[in-house]
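Reviewing the structure listed below.
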Amino acid sequence: MKYLDHAATTPMRQVAIDAWVEHAGALNPGAQHAAGRQANAVLADAREQVAELLGADPVEVIFTGSGTEADNIAVRGLYEAMRGKQGDRVVCSPVEHSAVLETVKALGAQHVDWLPVGDDGHLSDLEALDTPAAVAAVMWANNETGALQPVKEVVRRAALQNTPVHVDAVQAVGKVPVHFHDLGATTLAASAHKFGGPRGTGLLLAKRSPAPTASIHGGGQERGLRPGTVDVASAAATAVALAEACSEMDRERERVKELRDALVAGVQREVPDVVVTTQEPAVEGHAHFMFRGAHGDAMLMLLDSLGIAVSTGSTCASGVTRMSHVLEAMGVEEALGLGALRISLGRTNTREDVDYFVQNIADVVAKARAAGNM
Ligand code: PLP
């Protein structure tokens, strides 16, 4: 299989599998006996390693059950903690992943200000940050287009109003350098399975103050923000996966960018009327395309039958596929946006994968267009 869907998830790294197997027998890290202390030592090492790699203090690292959970704990928790002081107002980008978007909508805030986005997928105006808010949420890298957002500037502007900022860095961690203290965000979310760790493990970095109010309650683990017995084996696997991703980051960024540029040039040559949605600055592995008149789902299935795994980015609600909310926020017309295809390259990909995709894309688009005209 040619796996070109690394933004959905990436295969677990061998070092992570090895660490997971090594620590699969770890017992409850909260227990006071020797076995508990042993498990807790493994967890403490993992926490320290993650903190060091992401420019945070160990106490700021919280292991969660997913990136989605980290986003929920942060956005809801900061809103609850701050709305009394800062007012019942939230600032958010409209291109967030549903983990943030749906959480913001579920808060029931009196005002939500959506930051405008340009047709290149980047935030185009940060003025809404110049008024105090209980929380602002802006993602680092977009999961569909790969667009890198000006998160440093977002944090700087928000800080002038004492507005805490949550950064969803799920598509950025392991792909671009992330330093929590340099960024200055209040909270940051990451997800292990996006950088070669296990699925079902997330990371929340949370400053000591202001701290999110707990939204789930239990035994007080993970600073009381994510109570529940921690999965020590997954924490250890996450730390080593992140270490490997960071150590090979410079080399991989260059290699993947070369592959991505060859892929984009190849698709433009084979299908001259393609619209390349991904615009710089963007994470290197992403290439998002739109083919007018060719349905994304049809292209995905045709590519799948050729052994090529990609995604569309659109959502299917009650059997009707709609254009993604990301493309909608970018002002893309629906007839074009329904022909979306997201290619995301990663460490397993080679030039051969790219060439195979390019060889097949014209035929796939032609067939999907023909099917759409029937
Ligand atoms: N945020 C972004 C930007 C994502 O791309 C994803 C996953 O696709 C998530 C959050 C959710 O992460 P998880 O799959 O760990 O719940």
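Values for this structure:
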{"read-out": "Whole-angstrom Cα spans of the range 102-210 along principal axes, big to small", "value": "39, 37, 30"}
{"read-out": "Cross-link partners of Lys85 among lysines (Cα-Cα below 29 Å; sequence separation of 8 or more within a chain)", "value": "Lys105, Lys152, Lys207"}
{"read-out": "Helix runs (DSSP H) in the chain reaching 18 Å along axis by Cα, Kyte-Doolittle at least 0.0", "value": "232-247"}
{"read-out": "Cβ-based exposure ranking for Met323, Met1, in which fewest neighbours within 10 Å come first", "value": "Met1, Met323"}
{"read-out": "Dipole of the range 211-260, positive end: most advanced residue of Ala237, Ser247, Gly220 [Cβ charges, Cα centre]", "value": "Gly220"}
{"read-out": "Cβ-Cβ FRET estimate between Arg156 and Thr213, R0 fixed at 22 Å, reported to 0.05", "value": "0.30"}
{"read-out": "Scattering curve values for the chain, log₁₀ I(q)/I(0), Debye with Cα scatterers, q = 0.09, 0.10 Å⁻¹", "value": "-0.52, -0.64"}
{"read-out": "Total charge dipole magnitude, the chain, about the Cα centre, Cβ charges on Lys, Arg, Asp, Glu only, Debye to nearest 20", "value": "640"}
{"read-out": "Highest-first arrangement of 132-140, 192-200, 254-262, where packing means the average Cβ count within 10 Å", "value": "132-140, 192-200, 254-262"}
{"read-out": "By average C-beta atoms within 10 angstrom, highest first, the peptides 296-303, 31-38, 19-26", "value": "296-303, 19-26, 31-38"}
{"read-out": "Per-residue Cβ neighbour rank within 10 angstrom, fewest leading, His325, His111", "value": "His111, His325"}
{"read-out": "Peptides 361-370, 54-63, 208-217 ordered by average Cβ neighbours within 10 Å, highest first", "value": "54-63, 361-370, 208-217"}
{"read-out": "Size-normalised alpha-carbon gyration radius of the range 246-365, reference 2.2 N^0.38 Å", "value": "1.06"}
{"read-out": "Candidate lysines for bridging to Lys194, where Cα separation is under 17 Å - those fewer than 8 sequence places away on the same chain excluded", "value": "Lys175"}
{"read-out": "Over the range 16-139: Kirkwood hydrodynamic radius from C-alpha pairwise inverse distances, Å", "value": "17.2"}
{"read-out": "DSSP-defined beta bridges in the chain - what % are antiparallel, rounded to 5", "value": "55"}
{"read-out": "Directionally averaged shadow of the range 72-116, computed from the convex hull of its alpha-carbon atoms, nm²", "value": "2.9"}
{"read-out": "Centre separation in Å (Cα based) which lies between the range 83-155 and the range 3-50", "value": "32"}
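Since every read-out is calculated from the coordinates, none of them should be taken as a lab result. A quick note: this is a predicted structure, and the numbers were derived from the prediction, not measured. As a convention, Cβ positions derive from the backbone with ideal geometry for all residues, glycine included, and neighbour counts pool all protein chains shown.
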